[in-house]
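Novice: Here it is, the structure in full.
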Amino acid sequence: IIANLLSGKGFTGKKLKELENFLLKNKLTYRVLAISKPTPISLLPPDGETKIKKGVICLGGDGTVSETIGFIAKRKISLPIFIIPTGTANFLANSIGISSRNGFKGLLKGRIKEFDLGLYHDSEKEDYFLMGVGLGFEHKFLEMAKQYQKKFLGKLSYYLPAIRELFRLRSVDYQLSVEGKPLNFRSPMVTVLNLKPKITRLFPLFLEKDICPDDGWLDLIYVDHKNYLIDFLAVLFFHLFGSLDFGLVRRIKVKNVKIDSPAGAGLQLDGEIKGKIPFEISIEKGKIKGGEYHKKTIS
């Protein structure tokens, strides 16, 4: 069990106690790595993979889940991850249908589901992602959200910066290599997705039907710059109505893409501000495993 006690305003500690009681009641053995101060999960014992026998239970927010997925993938541990979301936004968990209100019975008799996993690398590092990569608007509002008091504002700490950044859209030039073919454009927003991002039932991308987490493809999505008004409407429609964007948003299915920009744009990886331009991403089919609660709820 990896439990980030710093996430969720104390909710993680409460959920961890409930989980331990459940495991003890069902006579299951376990070990707990409780994170009480900022510590990269990658600093777990180097032989950690030899001690993981059945799987990993992850309690935390998006950063904790993303790091845990990376830890499992880099060490080639072919065991399932059971996610218990206890963060502020829980984008990753929401995007695959997991709620903090779910119980623990899936640990005993849940099925295993495989997800594609994105591989990211730049000149300095290699990393994995489950949800996707974002630049421009997708990076700017998340970067600002990190400066807000999530403890007090909750999901408003994401909505408020998003609204503010909509009125400060700035387009930059991008040079891409898509499956080895050049693609150049100017855009206020670029994202490459493996999952359909979802914060709540209505926002964002809830009508985006073509993004599938186990089809072996990534979805490259961008706004082709025309003018500020068109950019504004395109970004707004995309996040509120998904594919109902009136043709203002471009979409391409890809397996490998390289992205560069002379503006040196920043980026976010699974909701975390990290990485650098230029970078390359690709998809690895069925790389990560999760235990499934029910037909519609997976972990």
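Novice: State which residue pairs qualify: first residue under 13 Å from GLY61 (Cα atoms) and inside the range 89-101, second residue at pLDDT 80 or above and β-branched (Val, Ile, Thr) in any location, beta carbons under 6 Å apart, and separation of 6 or more residues or different chains.
Specialist: Hits for this filter: LEU92/VAL65; ALA93/ILE83; ILE98/ILE83.
Novice: Sticking with this structure for a sec: Please count how many residues of the range 269-281 are open to solvent by less than 30 Å² (accessible area, probe 1.4 Å) and either in a strand (DSSP E or B) or not aliphatic (A, V, I, L, M) (or both).
Specialist: Initial filter on the range 269-281 (open to solvent by less than 30 Å² (accessible area, probe 1.4 Å)): 269-271, 277, 279, 281.
Going one step further and asking which of them are either in a strand (DSSP E or B) or not aliphatic (A, V, I, L, M) (or both), we end up with 269-271, 279, 281.
The number of residues fulfilling the criteria is 5.
Novice: Assess whether GLY10 counts as being modelled with pLDDT under 80, surrounded by fewer than 18 Cβ atoms within 10 Å (Cβ to Cβ) and within 30 Å of GLU126 (Cβ to Cβ). Walk me through how you get there before you give the answer.
Specialist: Numbers: modelled with pLDDT under 80: yes; surrounded by fewer than 18 Cβ atoms within 10 Å (Cβ to Cβ): yes; within 30 Å of GLU126 (Cβ to Cβ): no.
Spelling it out, it is not the case that GLY10 is modelled with pLDDT under 80, surrounded by fewer than 18 Cβ atoms within 10 Å (Cβ to Cβ) and within 30 Å of GLU126 (Cβ to Cβ).
Novice: Sticking with this structure for a sec: Looking at the structure I just gave you, is TYR222 aromatic (Phe, Trp, Tyr) and modelled with pLDDT under 85?
Specialist: No; evaluated as a whole, the condition is false for this residue.
Novice: Under the condition of being β-branched (Val, Ile, Thr) and open to solvent by less than 70 Å² (accessible area, probe 1.4 Å), which residue from the range 26-40 is modelled with the lowest pLDDT?
Specialist: Step one: of the range 26-40, the residues β-branched (Val, Ile, Thr) are 29, 32, 35, 39.
Checking which are open to solvent by less than 70 Å² (accessible area, probe 1.4 Å) leaves us with 32, 35, 39.
On the way: VAL32: 88, ILE35: 84, THR39: 69.
Out of the qualifying residues, it is THR39.
Novice: Filter the range 178-209 for residues that are more than 23 Å from PHE246 (Cβ to Cβ) and buried (at least 16 other Cβ atoms within 10 Å of the Cβ); which is modelled with the highest pLDDT?
Specialist: Step by step, filter the range 178-209, then rank; the result is VAL178.
Novice: Something else: Counting just the residues of the range 282-299 that are of a type outside the set (A, V, I, L, M) and at pLDDT 85 or above, which one comes out most open to solvent (accessible area, probe 1.4 Å)?
Specialist: Only one residue fits best here, namely GLU284.
Novice: Among the residues of the range 226-250, count how many are in contact (Cβ under 8 Å) with a residue 12 or more places away in the chain and closer than 29 Å to LEU130 by Cβ.
Specialist: Here the count works out to 15.
Novice: For the range 251-268, what are the residues that are over 22 Å from ASP116 (Cα atoms) and open to solvent by less than 40 Å² (accessible area, probe 1.4 Å)?
Specialist: Within the range 251-268, SER261, ALA265, GLY266 qualify.
The values are calculated or read from the model by the stated rules, or taken from the named source; none is laboratory data. For clarity, every value in this text was computed on a predicted model and none was experimentally measured. FYI the Cβ positions are ideal-geometry reconstructions off the backbone, even for glycines, and counts take in every protein chain you see. Surface areas here come from the heavy atoms of the whole protein model, side chains and all, with no ligands, DNA or RNA. Shrake-Rupley method; radii C 1.70, N 1.55, O 1.52, S 1.80 Å.
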